[in-house]
Amino acid sequence: MASAIATQFPPVHEAAPIRICSSCKKPIVPGEKAVSFRCPNCGAVMFWRCQKCRSMVIIYKCPNCGFEGP
């Protein structure tokens with residue numbers, strides 16, 4: 001009987017969190033080339049950068065320690 005109940009309801013999956021580029025503040029869609037890394041200075045903040053901002057060397061700033069990087 002448990003298998004009959006399991007087939008009635010599709011499995012529930014959590015939605016993926018929306019990633020935001022730390023430089024341009026635009027959403028990073030799944031499948032887009034992007035990179036994530038922690039602040040090189042303090043390590044407290046996680047940055048996400050889209051391919052466009054990386055290729056154009058757009059600056060990002062850490063809100064925790066003020067570090068600025070390309």
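All of the numbers you see were taken from the coordinates with simple rules; none came from a lab. In this text the structure is predicted, and so the values were computed from the model without any measurement. For neighbour counting, all protein chains shown are included, and Cβ atoms are generated from backbone atoms with ideal geometry for every residue, glycine included.
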- Cα-based reach from Lys61 at 16 Å (exclusive), listing lysines while leaving out same-chain residues under 8 positions away: Lys25, Lys26
- Task: Hey, can you grab everything whose amide H is under 5 Å from the amide H of Ile20? Only 5+ residues off in sequence or another chain; H modelled, so Pro and N-termini drop out.
- Result: Ile28
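For the chain, give the magnitude of the charge dipole about the Cα centre (Cβ charges: +1 Lys/Arg, -1 Asp/Glu; no others), in debye to the nearest 20. Intermediate values should be presented prior to the final figure.
Working: 9 positive and 3 negative charges, 67 e Å.
Using only the charged Cβ atoms, the result is roughly 320 debye.
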- Task: Among (i) 61; (ii) 53; (iii) 45, find the value of percent of Cα pairs over 20 Å apart that was calculated from the structure presented, and write down its label.
- Result: (iii)
